[in-house]
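As structure tokens, the structure follows; a few thoughts come after it.
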Amino acid sequence: MPASVPNDKGSASPADVPHGTWNSFPWEPFPEYAGSKSVLYRSADGTIVAGAAKESGTATLTYPCDEFFYVTEGWIKLAVHGGETFTLSKGQFTYLKKGTTIDFTFGPDFANVAVFIDKERITLI
């Protein structure tokens, strides 16, 4: 299989289908979350983005879009404002709706793959 290559321009060409191991795509710094990120796919209009992230420390975010994420390494604790506090570990997922506020605590080796969806261009990742 060839090296992992993202489709970050939203090309509809069959030659541009992104594929590969989640952690083998190009990575760049993600200082907002003390880690790094990789965009695996971005639709032409920017309203759908698939990515991967390695994050650490703590953060609070009010979601500007919907996000589905799947934990690929480590663990993450989520404290949902007005809702539950729970911890996800490798192999578990969550779906967070736009407008939800979350306090995050990232485990030391936390990583995930995620899909972001909105009606407006996504700038979170």
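The values are calculated or read from the model by the stated rules, or taken from the named source; none is laboratory data. The model shown is predicted, which means the values in this text are computed figures rather than measured ones. When we count neighbours, we look across all protein chains shown, and the Cβ atoms used for this are built from the backbone with ideal geometry, even at glycine.
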* Residue list for segment 73-106, restricted to those being surrounded by 17 or more Cβ atoms within 10 Å (Cβ to Cβ) and in contact (Cβ under 8 Å) with a residue 40 or more places away in the chain -> ILE102, PHE106
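Scan segment 3-49 for residues that are assigned to a loop (DSSP other than H, G, I, E, B), out of contact with any strand residue (DSSP E or B) (no Cβ under 9 Å at 6 or more places or on another chain) and without any contact (Cβ under 8 Å) to a residue 60 or more places away in the chain and report the count. Steps first, please.
Within segment 3-49, the first condition is being assigned to a loop (DSSP other than H, G, I, E, B), and the residues that meet it are 3-4, 6, 8-13, 17-18, 20-21, 25-27, 34, 43-47.
Next, from what is left, pick out any that are out of contact with any strand residue (DSSP E or B) (no Cβ under 9 Å at 6 or more places or on another chain): 3, 11-12, 21, 44-46.
If we keep only those that are without any contact (Cβ under 8 Å) to a residue 60 or more places away in the chain too, we end up with 3, 11-12, 21, 44.
Residues flagged as assigned to a loop (DSSP other than H, G, I, E, B), out of contact with any strand residue (DSSP E or B) (no Cβ under 9 Å at 6 or more places or on another chain) and without any contact (Cβ under 8 Å) to a residue 60 or more places away in the chain within segment 3-49 amount to 5.
Could you tell me whether PHE69 is touching a Phe, Trp or Tyr at 6+ places or on another chain (Cβ under 7 Å) and crowded, with 16+ Cβ neighbours inside 10 Å? So that I can check it myself, show each step before the final result.
Details: touching a Phe, Trp or Tyr at 6+ places or on another chain (Cβ under 7 Å): yes; crowded, with 16+ Cβ neighbours inside 10 Å: yes.
When the stated conditions are applied, PHE69 passes them.
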* Asked: What's the number of the condition ASN23 fails, among (1) over 25 Å from PRO108 (Cα atoms); (2) at pLDDT below 95?
  -> (1)
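So in segment 56-75, with the set limited to residues that are among the charged types (D, E, K, R) and under 15 Å from ILE125 (Cβ atoms), which one is nearest to the chain's Cα centre (by Cα)? Step through it out loud before you land on a result.
We begin by selecting, within segment 56-75, every residue among the charged types (D, E, K, R); these are 66-67, 73.
Next cut, under 15 Å from ILE125 (Cβ atoms) only: 66-67.
Working: ASP66: 11, GLU67: 7 Å.
Among them, the one singled out is GLU67.
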* Structure fact -> Residues of segment 101-125 being in contact with an Asp or Glu (Cβ under 9 Å, 6 or more places away or on another chain) and of a type in the set (Ser, Thr, Tyr), in sequence order, are none
